[in-house]
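The structure appears right after this line, and notes come after that.
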Amino acid sequence: MKIKANILEELSINLMIIVWGYAAISKILDFKTFSQQIIRQFSPTEIGILIAYAIPCIELLIIALLIFKSTIHYGVKLSTGLIGIFTLYIGFMVFGFAGQVPCSCGGILEKMSWKVHFVFNILFLITHLIPLSLINTLRKEAGKEH
């Protein structure tokens with residue numbers, strides 16, 4: 001059973017690395033469009049500029065944290081937080097709490113409708129539950145040993 005859990009954890013973490021890598025690279029390669037879309041959504045403009053630079057940097061930081069065994073738990077938690085924020089944001093679009101704005105995710109993700117993107121994000125968020133639950137289990141087991 002432990003082997004299956006490890007495989008699921010590795011698959012989940014690798015999926016996070018791939019998705020965040022794709023998202024960050026897409027934003028960086030078309031940074032002008034990405035930053036303009038972000039800046040239009042925020043006032044004052046300076047906040048939009050800060051967010052436009054911060055998002056790809058955070059996505060790259062998540063990847064770096066997920067690569068090393070000693071920092072995986074930080075990477076999973078940061079990834080969960082970021083995808084949670086993005087999912088809430090998209091939820092506001094889907095349920096009409098905010099005006100329709102262009103998706104600034106980059107690549108194929110921005111080609112999705114808000115509803116499809118919302119479902120994608122929820123499924124991606126669910127994949128985070130596997131490593132999160134394993135990390136919590138390992139911490140509890142480690143606490144019992146001391």
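The table below lists the values:
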| item | result |
| --- | --- |
| Residues (free of Cβ contacts under 8 Å to residues at least 12 places away in the same chain and either hydroxyl-bearing (Ser, Thr, Tyr) or closer than 20 Å to Leu125 by Cβ (or both)) located in the range 54-78 | Ser70, Thr71, Tyr74 |
| Residue list for the range 43-81, filter: more than 24 Å from Leu11 (Cβ to Cβ) and not hydrophobic (A, V, I, L, M, F, W, C) | Ser43, Pro44, Thr45, Glu46, Gly48, Tyr53, Pro56 |
| Test: residue in the range 42-50 that is within 18 Å of Asn121 (Cβ to Cβ) and part of a helix (DSSP H, G or I) | no |
| Residue list for the range 56-93, restricted to those being among the hydroxyl-bearing types (Ser, Thr, Tyr) and within 19 Å of Phe118 (Cα to Cα) | Ser79, Thr80, Thr87, Tyr89 |
| Boolean, Tyr53 is of a type in the set (Phe, Trp, Tyr) and at pLDDT below 90 | no |
| Some residue of the range 3-14 being touching a residue at least 12 places away in the same chain (Cβ under 8 Å), part of a helix (DSSP H, G or I) and among the hydroxyl-bearing types (Ser, Thr, Tyr) | yes |
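Yes/no per residue for (1) surrounded by fewer than 19 Cβ atoms within 10 Å (Cβ to Cβ); (2) part of a helix (DSSP H, G or I):
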{"residue": "His73", "(1), (2)": "yes, yes"}
{"residue": "Lys77", "(1), (2)": "yes, yes"}
{"residue": "Ile83", "(1), (2)": "no, yes"}
{"residue": "Leu88", "(1), (2)": "yes, yes"}
{"residue": "Phe92", "(1), (2)": "yes, yes"}
{"residue": "Gly96", "(1), (2)": "yes, no"}
{"residue": "Val101", "(1), (2)": "yes, no"}
{"residue": "Ile108", "(1), (2)": "yes, yes"}
{"residue": "Leu125", "(1), (2)": "yes, yes"}
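The values are calculated or read from the model by the stated rules, or taken from the named source; none is laboratory data. Since we're looking at a predicted model, the values are computed, not measured. Don't worry about glycine lacking a Cβ; one is built from the backbone with ideal geometry, like all the others, and counts go over all protein chains shown.
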